[in-house]
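S.K.: Supplied in structure tokens, the structure appears directly below.
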Amino acid sequence: MRVGLLVIALLLMPSARASAEWQIKPFVGTIFAGTSTFTGDLEQAAGERHVTAGVSGLFLGEVIGVEGDFGHVPRVFQSTGQLVLSSSATTVTGNIVVALPRRWTEYTLRPYFVGGGGVMNAQLDDKFHLFTVSSSMGAWDLGAGVTGFLSDRFGVSWDVRYFRSVGGRDEGLSLGPEQLSFWRANMALAIRY
Amino acid sequence: MRRSLLALTAAILLIVARVPLHADLLVYGLFGDYVDALRAQAGIPGLTATIVGADDIIWEHPVGLQNIERNVVARADTPYQVDGLTQVFMTTVVLACVENGSVTLDDPLSKFNPGNPDAGATIRQILTHTSGPAGNLVFAYRPDRFNSLVDVISVCTNGSFRATLAAGLNRVAMFDSVPGLDAVGLIPPADGISNQTIERYASALQRLATPYAVDAQKRATLSQYKTTTLTGGSGLITTARDYAKFDLALRTPPYLLRPETLAAAWRPPVGAGGLLLPHGMGWFVQLYNGVPVIWQFGVSDNASSSLVVTVPSRQLTLILMANSDGLVKSLPLAAGDVTVSPFAKVFLGTFVG
């Protein structure tokens, strides 16, 4: 109950226009603990770690913000490259961000929670071209992170999110409906405007 | 385009080259890599894959463990429960009875056992998994119906299906095959089986692949065979090598069945509206890129699975046997399309195109 009141109070807190900010966050990171139903994941590589990169843009008020996030994971279905010639996963999501009020975290890291939905595209091509996939699915993501600014303009951000596709079709190229999920941990350069 | 080139290369190599060539080995090597990957994906503990050519085995690929606890690797001659594949043996025996004039395909089962619940069905309908009046046949895959054919066998051979099959296995030199788990408990001369044969069965069963249940995380746990005896459509234990002998005996002289009998068995029946049904006599039949493909599968939940795919025009047969249900589990093979199996898809994509 007390937590609920606190949340309502924070949400209703007059967000001084001066406290709203834009942040652009180019990031690099890793995905891990992935799962996939794609038959073409012949090297069972979806569960391995893969490098990822992308960028997110955030408009953040005193507490609430909205974010657009783009992430790309090359070689997501490749481990040895023996059977899978090329592969990637790309996510584009729109998210709601709930952060601690800026005034509470002026000189320290500012935590936030993030969640939303969008699309995930998975691509792969195998040596015999028998399980070739180019599939766009719905997706949701949920996570949290912290951002700290070293100056008025520049800072760093650490973020962990879980991505999961939804609404995948079953076109004989997967064990059940097409599905891909993974965790993403990344570090970003935060640029504030 | 690239797939077609690959298939063309494989086909030319198989037709022209009778000795192993480097490119030939490359194709089989890659095919083996796919089989390994798909086995791992399905969490199958032990698998034996074999390809039979025009007159001999041309590729053998045992992989994984036939017994995890004792770390026993799967071999080309590992015996497996082949479940529904038993149907093709029953079919062969019945068609031999048709050839010698003992029965006809249009004989109703009531002729052999008036009390049969499927008494109105004909032998042909049981073999093709169909029912209903001619011209309006309906397909429904029910291997259990094959058990009705044991009455046909006893009229035709004056013996049991087990005795007939046991004699047939000897005839084709399938010496690692056993007509039902409980055959080893027979007291000779029951079913005409000798002491020596019983000893051979016992020896084969000592090497029988251990069955496993595999969960979603691909963890294998010890299981048990639910089929413990031979029925008309299940219960045979055999090896990929032994099945290869049977396959060759069907396709090469002196034929187990006359070529025209086999050709008729591998022809799809016609259903309502002239629609071709998916199951011939004893085998599924379908076209893959215009090429006839003959196949059958077997599965026992949490224990075993098997798949055999023959491409008559390429004189090729793929045999897969596994000690979990991973070759078949969750695949709608009973609907009549073998390409839902990734293993079959790779085989057909590689060697047919």
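The values are calculated or read from the model by the stated rules, or taken from the named source; none is laboratory data. As the structure is a prediction and not an experimental result, all values here were calculated from the model. Quick reminder, even Gly has a Cβ in these numbers, built from the backbone with ideal geometry, and neighbours come from all protein chains shown. With ligands, DNA and RNA removed, areas are computed over all heavy atoms of the protein, side chains included. Shrake-Rupley method; radii C 1.70, N 1.55, O 1.52, S 1.80 Å.
S.K.: When a/c is below 1.5 the answer is rounded, else prolate if a/b is larger than b/c, else oblate, so apply that to segment B:167-295 with a ≥ b ≥ c taken from the square roots of the Cα gyration tensor eigenvalues.
M.R.: Working: a/c = 2.26, a/b = 1.37, b/c = 1.65.
In terms of gyration-tensor shape, oblate.
S.K.: A further question follows. Summarise the accessible area of segment A:20-192 (1.4 Å probe, protein heavy atoms) by the percent that is carbon and sulfur.
M.R.: On the way: 4680 of 7230 Å².
Answer for segment A:20-192 is 65 percent, counting heavy atoms of protein chains only.
S.K.: Another one. Calculate, for B:GLN196 and B:LEU26, the FRET efficiency according to 1/(1 + (r/R0)^6) with r their C-beta to C-beta distance and R0 41 Å; round to the nearest 0.05. Write down the numbers at each step before the final one.
M.R.: Numbers: r = 44 Å, r/R0 = 1.08.
In this case the efficiency is close to 0.40.
S.K.: What does the charge count around A:GLY115 come to, taking other residues whose C-beta lies under 9 Å from its C-beta (Lys +1, Arg +1, Asp -1, Glu -1)? Walk me through the numbers on the way to the answer.
M.R.: Values: positive: A:ARG161; negative: A:ASP141.
Taking every other residue near A:GLY115 into account, the sum is 0.
S.K.: Read phi for every residue in segment B:155-164 and hand back ³J(HN,Hα) as whole Hz from Karplus 6.51 cos²θ - 1.76 cosθ + 1.60, θ = phi - 60°, with x for Gly and Pro.
M.R.: 6, 6, 10, 6, x, 7, 4, 4, 4, 5
S.K.: Right, next: Are any of the pairs B:LYS226/B:LYS345; B:LYS245/B:LYS345; A:LYS127/B:LYS329; A:LYS25/A:LYS127; A:LYS127/B:LYS226 more than 31 Å apart by Cα-Cα distance, and if so, which?
M.R.: Details: B:LYS226/B:LYS345 29 Å; B:LYS245/B:LYS345 24 Å; A:LYS127/B:LYS329 25 Å; A:LYS25/A:LYS127 37 Å; A:LYS127/B:LYS226 39 Å.
Those over the limit are A:LYS25/A:LYS127; A:LYS127/B:LYS226.
S.K.: Before we go on, tell me the buried accessible area for the B/A pair, both chains summed, 1.4 Å probe, in Å² to the nearest 100.
M.R.: Values: alone 14960 and 9980 Å², together 23340 Å².
For B against A, buried area totals roughly 1600 Å².
S.K.: Same structure, new question: Let me check I've understood the local charge: for B:GLN296, count other residues with C-beta under 12 angstrom from its C-beta, Lys and Arg +1, Asp and Glu -1. What total comes out? Write down the numbers at each step before the final one.
M.R.: Working: positive: none; negative: B:ASP83, B:ASP247.
Combined, the nearby Lys, Arg, Asp and Glu give -2.
S.K.: Now a separate question. Using a 1.4 angstrom probe on the protein heavy atoms only, line up B:SER203, B:SER306 by accessible area, largest first. Provide the component values of the computation, followed by the final result.
M.R.: Values: B:SER203 55, B:SER306 0 Å².
Putting B:SER203, B:SER306 in descending order of accessible area: B:SER203, B:SER306.
S.K.: Starting from a Cα-only point model with no solvent, please compute log10 I(q)/I(0) by Debye for chain B at q = 0.12 1/Å.
M.R.: Values returned for q = 0.12 Å⁻¹ are -0.86.
S.K.: Once all Cα-Cα distances of segment B:80-152 are split into 10 Å bins that start at 0, what whole-number percent is in each one?
M.R.: Using 10 Å bins, I get a P(r) of 20, 53, 25, 2 for segment B:80-152.
S.K.: Compute the distribution of all C-alpha to C-alpha distances in segment A:41-193, in bins of 5 Å from 0, and list the percent of pairs in each, rounded to whole numbers.
M.R.: 2, 9, 17, 20, 16, 12, 9, 7, 5, 3, 1, 0
S.K.: Now for a separate question. What does the extension gain come out to for B:ASN158 and B:LEU276, with contour length at 0.36 nm per residue minus their alpha carbon separation?
M.R.: On the way: separation 118, 0.36 × 118 = 42.48 nm, distance 3.54 nm.
Between B:ASN158 and B:LEU276, full extension yields an extra 38.9 nm.
S.K.: Hey, another quick one. Carbon and sulfur together cover what percent of the accessible area of segment B:245-353 at a 1.4 Å probe radius?
M.R.: 59
S.K.: For every helix of n ≥ 4 consecutive DSSP H residues, a contribution of -39,500 (n - 2.57) applies; sum these over chain A, divide by its total residues, and give [θ] at 222 nm rounded to the nearest 500 deg cm²/dmol.
M.R.: Numbers: 1 runs with 11 residues, N = 193.
Result for chain A: -1500 deg cm²/dmol, rounded to the nearest 500.
S.K.: A further question on this structure: Could you do me a favour and compute the accessible area per residue for segment B:2-351, 1.4 Å probe, result in Å²? Kindly include the intermediate steps, with their values, before the conclusion.
M.R.: On the way: 13960 Å² over 350 residues.
That works out to 40 Å² per residue.
S.K.: Name the longest site-free stretch of chain B, where the excluded sites are trypsin sites (Lys or Arg not before Pro) in a DSSP loop with no more than 14 other beta-carbon atoms within 10 Å.
M.R.: On the way: sites that count: B:ARG18, B:ARG70, B:ARG219, B:LYS226.
So the longest stretch without any such site is B:71-218.
S.K.: Okay, moving on. For chain A, set up a Gaussian network in which alpha carbons nearer than 10 Å are linked by springs, and say which option among A:GLY71, A:GLY94, A:GLY167 fluctuates the most.
M.R.: In this elastic network of chain A, the residue with the biggest mean-square fluctuation among A:GLY71, A:GLY94, A:GLY167 is A:GLY167.
S.K.: What is the diffusion coefficient of the protein assembly as shown in µm²/s, taking the Kirkwood radius over Cα pairs and the Stokes-Einstein relation at 4 °C with a viscosity of 1.567 mPa s? Show your work: numbers first, answer last.
M.R.: On the way: Rh = 26.6 Å.
Value of D from the Cα-based Kirkwood radius: 49 µm²/s.
S.K.: Using the Karplus curve 6.51 cos²θ - 1.76 cosθ + 1.60 with θ = phi - 60°, work out ³J(HN,Hα) for each residue of segment B:310-318 in order, rounded to whole Hz, and write x for Gly and Pro.
M.R.: Result, rounded to whole Hz: 10, 10, x, 5, 9, 6, 10, 9, 9.
S.K.: So if we plug the beta-carbon distance of B:ASN113 and A:THR30 into 1/(1 + (r/R0)^6) with R0 = 60 Å, what FRET efficiency do we get, rounded to 0.05?
M.R.: Working from the Cβ atoms, E equals 0.35.
S.K.: Taking springs between alpha-carbon atoms closer than 10 angstrom, which of A:ASP170, A:ASP69, A:ASP152 fluctuates most in the Gaussian network model of chain A?
M.R.: A:ASP152
S.K.: Report the accessible area of B:ILE187, computed with a 1.4 Å probe over the heavy atoms of all protein chains in place, in Å² rounded to the nearest 10.
M.R.: Surface open to solvent at B:ILE187 totals about 130 Å².
S.K.: Between A:PHE154 and B:ASP77, how high is the FRET efficiency from 1/(1 + (r/R0)^6) when r is the Cβ-Cβ distance and R₀ = 45 Å? Nearest 0.05. List each step's numbers first, then the result.
M.R.: On the way: r = 68 Å, r/R0 = 1.52.
E(calc), rounded to 0.05, equals 0.05.
S.K.: Can you list the residues of segment A:32-51 whose accessible area drops by at least 50 Å² going from the chain on its own to the full set of protein chains, with a 1.4 Å probe?
M.R.: The answer is A:LEU42, A:GLN44.
S.K.: Give the separation of the Cα centroids, segment B:81-108 to segment B:260-277, in Å.
M.R.: Measuring centre to centre over Cα atoms gives 16 Å.
S.K.: Also, I was wondering about something else. Kindly tabulate the residues in segment B:30-71 with an accessible-area decrease of at least 10 Å² between the chain alone and the assembly of all protein chains, using a probe of 1.4 Å.
M.R.: B:LEU30, B:ASP33, B:TYR34, B:ALA37, B:LEU38, B:ALA40, B:GLN41
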